[in-house]
Amino acid sequence: MLSVLSYGRLVARAVFGGLSQTDGRDYSLVTASCGFGKDFCKGILKKGMCYGDDACFIARHRSADVLGVADGVGGWRDYGVDPSQFSGTLMKTCERLVKEGRFVPSNPVGVLTASYYELLQNKVPLLGSSTACIVVLDRQSHRLHTANLGDSGFLVVRGGEVVHRSDEQQHYFNTPFQLSIAPPGAEGAVLSDSPDAADSSSFDVQLGDIILTASDGLFDNMPDYMILQELKKLKNSNYESVQQTARSIAEQAHVLAYDPNYMSPFAQFACDNGLNVRGGKPDDITVLLSVVAEYTD
């Protein structure tokens, strides 16, 4: 027979167990960024939140934390177009729409669509292409909503294991899905995908979950096991620790990108497609590292 004290403890555990399953606290993301443009020897920002032709943003609204990464298609440089202009403008537009509250947390594709069509209607000439990945944390529901177009992406780590990740979208080898604005009359000659083609997902997150959002410059040079090794260095959710770990990951990817003897994930993928490739992939690298934490004003 249970004593009154033991019974009371069981009731308390049941009550608090129920509260833990329906946590009434708001969550937020502690996020830091780091990256390298492939033409730079150290991680620096160019033209706002840009690393080379990559661009990113981190924005907060009262209902959600939102972040994104875009990778400008470097081939435009052959036609006298700065690839960072498109990716940078796309991310700045997404950031502005979020800060203005013109978005629905559960619909990150909507943020991407509204931003892209605003660029299409912009009177200022803009040409280029980029991939895009948008990640939204709904603070109250504790759900992460994502949209990924192309080969930038994200992964979610819990307990040292990858529990969610984005799916890469490629038309064919090294040709990812992308948003584009072509010169007048050349629309049909430029590869362009609809924002609606973005792969979407929604899932619950927990306090302490780690979310890594990055351009393909990271994923093409670091396999999951290396990323997980670096993430073990993250000891807590304060900004300084998150920033230090983000830099450590970006620096290692940058070093591997220029190692001619390293069999990178990109080189392995190329071999799988019948190409004789070895070494890292020199590329722009952008890393946004986030930890799910309790929201504080």
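Numbers at a glance
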| read-out | value |
| --- | --- |
| Any hit, region 145-161, residues being over 25 Å from L234 (Cβ atoms), touching a residue at least 12 places away in the same chain (Cβ under 8 Å), open to solvent by 50 Å² or more (accessible area, probe 1.4 Å) and over 16 Å from the mean Cα position of the chain (by Cα) | no |
| Of the criteria (1) open to solvent by less than 20 Å² (accessible area, probe 1.4 Å); (2) in contact (Cβ under 8 Å) with a residue 24 or more places away in the chain; (3) within 27 Å of S87 (Cβ to Cβ), which one A293 fails | (3) |
| Test set (1) open to solvent by 50 Å² or more (accessible area, probe 1.4 Å); (2) modelled with pLDDT of 95 or more - T131 fails condition number | (1) |
| T175 open to solvent by less than 20 Å² (accessible area, probe 1.4 Å), under 30 Å from G110 (Cβ atoms) and out of contact with any Lys or Arg (no Cβ under 9 Å at 6 or more places or on another chain) | no |
| Conditions (1) open to solvent by less than 40 Å² (accessible area, probe 1.4 Å); (2) under 21 Å from T93 (Cβ atoms): number failed by E187 | (1) |
| Checklist (1) within 16 Å of the chain's Cα centre (by Cα); (2) buried (at least 18 other Cβ atoms within 10 Å of the Cβ) applied to K281, failing item | (1) |
| Set L97, L120: member being open to solvent by less than 30 Å² (accessible area, probe 1.4 Å) and among the aliphatic types (A, V, I, L, M) | L97 |
| Complete set of residues in region 225-269 that are within 19 Å of N174 (Cβ to Cβ), in a helix (DSSP H, G or I) and not small (G, A, S) | L256, P265, F266, Q268, F269 |
| Selection status of V111, in contact (Cβ under 8 Å) with a residue 40 or more places away in the chain and outside any strand (DSSP E or B) | yes |
| Hey, R102 of a type in the set (K, R) and part of a loop (DSSP other than H, G, I, E, B) or not | yes |
| Complete set of residues in region 284-297 that are part of a strand (DSSP E or B) and within 16 Å of the chain's Cα centre (by Cα) | I285, T286, V287, L288, L289, S290, V291, V292 |
| Pair list, Cβ < 9 Å and 6+ apart or interchain, from region 184-198 residues that are under 12 Å from A132 (Cα atoms) to residues that are assigned to a helix (DSSP H, G or I) and open to solvent by 40 Å² or more (accessible area, probe 1.4 Å) | P195/A114; P195/Y117 |
| Residue that is surrounded by the most Cβ atoms within 10 Å (Cβ to Cβ), among those in region 50-90 that are closer than 24 Å to G101 by Cα and charged (D, E, K, R) | D65 |
| Pick from region 100-109, criterion in contact with an Asp or Glu (Cβ under 8 Å, 6 or more places away or on another chain) and not hydrophobic (A, V, I, L, M, F, W, C), ranking: surrounded by the most Cβ atoms within 10 Å (Cβ to Cβ) | P105 |
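For (1) over 30 Å from G208 (Cβ atoms); (2) in contact with a helix residue (DSSP H, G or I) (Cβ under 7 Å, 6 or more places away or on another chain), each residue gets a yes or a no:
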{"position": "V66", "(1), (2)": "no, yes"}
{"position": "A70", "(1), (2)": "no, yes"}
{"position": "F103", "(1), (2)": "no, yes"}
{"position": "P108", "(1), (2)": "no, no"}
{"position": "L119", "(1), (2)": "yes, yes"}
{"position": "P125", "(1), (2)": "yes, no"}
{"position": "G153", "(1), (2)": "no, yes"}
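The values are calculated or read from the model by the stated rules, or taken from the named source; none is laboratory data. The structure displayed is predicted, hence computed values, not measured ones. Virtual Cβ from ideal backbone geometry, glycine too; neighbours counted across all protein chains shown. With ligands, DNA and RNA removed, areas are computed over all heavy atoms of the protein, side chains included. Shrake-Rupley method; radii C 1.70, N 1.55, O 1.52, S 1.80 Å.
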